[in-house]
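The values are calculated or read from the model by the stated rules, or taken from the named source; none is laboratory data. All of these numbers come straight from a predicted model, not from anything done at the bench. Don't worry about glycine lacking a Cβ; one is built from the backbone with ideal geometry, like all the others, and counts go over all protein chains shown. Quick note on the areas: whole protein, heavy atoms, side chains included, nothing else; ligands and nucleic acids left out. Shrake-Rupley method; radii C 1.70, N 1.55, O 1.52, S 1.80 Å.
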Amino acid sequence: MSAAARHPLADVLAGGGDSGRPPLLVDGHTDVPLRLFERPADLGDELADGHVDLPRLRRGGAAALVFALYVPPEMEAEAGRLHALALHDLVREQLRPGELELAVAAGDVSRTAARGAVAVLLGLENGRCLALPGALPRFATLGVRYVTLCHNVSHEWCDAALDEPRHGGLSDDGVKIVREMRRRGILVDVSHASDDALLHALDAVRCPVIASHSSARALCDHPRNLSDGLIRDVARSGGLVMANSAPFFLDAAAARVQRAVAAEWKRRKGGLPADDPQAREALRRELAAAHPIPAVPLERYVDHLLHLVEVAGEEHVGIGSDFDGITDVLSGFEDVSRYPHLAASLLARGLAPRVVRMILGESFLRVLADAERRAG
Ligand SMILES: [Zn+2]
């Protein structure tokens, strides 16, 4: 058996007739920092909860994951800036040479993989604090490679998909911020942004943008998903739509249950102290138990990926699982050890190994490298 065939993903692709080097799997969106904040853990251990740790990453054959520094939308800009920096500290504590290493450039991922380590790329989820002087340069220096412009609430410079518009897209400051991101080689991530904010951002930067964890609205009508028109717009920019694996973004019945949960969460979260993660977690668990999401199979995720390939083109599709940021998972895609199962499913549905490689991570690395070339 060749060295390549011992890699869990290379093994799967070999079954599809591929004999190349192990694919570089890059999961474009995970909430590991949130997990570390709410439930401290050592990622070197096989954890009994959550979706991500090193033993499972190795079984899944992952080359890199984006760790999103997620800032809750209710935090004001300055509190949010400090929170993101605190999450960054938690991530740094988990890094260890040869096992889990920070990657700040696209080329770092293959070098890290060659050393047998898994790479961590950094994203900032909810860029509200970037209106503060000095915030964007600081996060750029720390190695943040994309910024999700907002979360579920419209803020001072960007409208959210799940909230009322305040600016009809981006404010004038928002336009300046996304242009500054482009100048610094930081990708604009339009997941969570309103449709108008997405179009506005594309127009402002005129370079490849990504949707790091958004699925297809044509298959599951949810405002967090992208219409076929928006998917084409992102693809035309040269960018990427990376499908989210949360069942309620993929399946209509699961989406209905999630809407009921979201409405109750909105009604009751105001009664919780803002700085008490345990209370928030307890409420999340209570609501999840009261409204069980129906089982949704991995195949629904593959449906969305195939739809994206059809609409965007094979070079403009990726994966952004949202692992550690979601409570319910797909049956067959429960955690990062299941990437080979996803690869096998994509092959079984007729995609060529070459296309599966692109979806699993090569296309994301291409867009990242492109942003580095444009910077300066
Ligand atoms: Zn998100």
Which three extents, in angstrom, do the Cα atoms of the chain have along their principal axes, listed largest first? 57, 51, 41
For the stretch 101-213, what is the per residue volume of the convex hull drawn over the alpha-carbon atoms, in cubic angstrom? 91
Given Cβ charges of +1 for Lys and Arg and -1 for Asp and Glu, the option among Ser191, Ser215, Ala204 whose Cα lies farthest towards the positive end of the dipole of the stretch 182-262 is Ala204
Treating only the Cβ atoms of Lys and Arg (+1) and Asp and Glu (-1) as charged, compute the dipole magnitude of the stretch 22-83 about its Cα centre; round to the nearest 20 debye. 300
Taking a probe of 1.4 Å and leaving out DNA, RNA and ligands, the chain shows per residue an accessible area in Å² of 38
So, with a 1.4 angstrom probe, what is the percent of accessible area on the chain that is carbon and sulfur? 52
So how strong a dipole does the chain carry about its Cα centre when Lys and Arg Cβ are +1 and Asp and Glu Cβ are -1, to the nearest 20 debye? 740
D for the stretch 245-342, whole µm²/s, Stokes-Einstein with Kirkwood Rh over alpha-carbon pairs at 4 °C and 1.567 mPa s: what number? 86
The stretch 294-349 and the stretch 154-193: distance between their alpha carbon centers, rounded to Å: 27
Beyond 17 Å, what share of the Cα-Cα pairs of the stretch 305-372 is found? Please give it as a whole percent. 46
Semi-axes (Å, rounded, descending) of the ellipsoid equivalent to the stretch 63-112 per its C-alpha gyration tensor are 26, 12, 8
Here Rg/Rh (Cα, Kirkwood) for the stretch 90-141 equals 1.08
What share of Cα pairs, in percent, lie more than 16 angstrom apart in the stretch 1-70? 54
Quick check on the chain: of the DSSP beta bridges with both residues there, what percent are antiparallel, nearest 5%? 10
Magnitude of the Cβ-charge dipole (Lys and Arg +1, Asp and Glu -1) of the stretch 1-135 about the Cα centre, nearest 20 debye, reported as 520
Report the residue, chosen from Arg366, Arg259, Arg56, that carries the largest GNM mean-square fluctuation when the chain is represented by alpha-carbon nodes joined by springs under 10 Å. Arg259
Using a 1.4 angstrom probe on the protein heavy atoms only, line up Leu351, Leu132 by accessible area, largest first. Leu132, Leu351
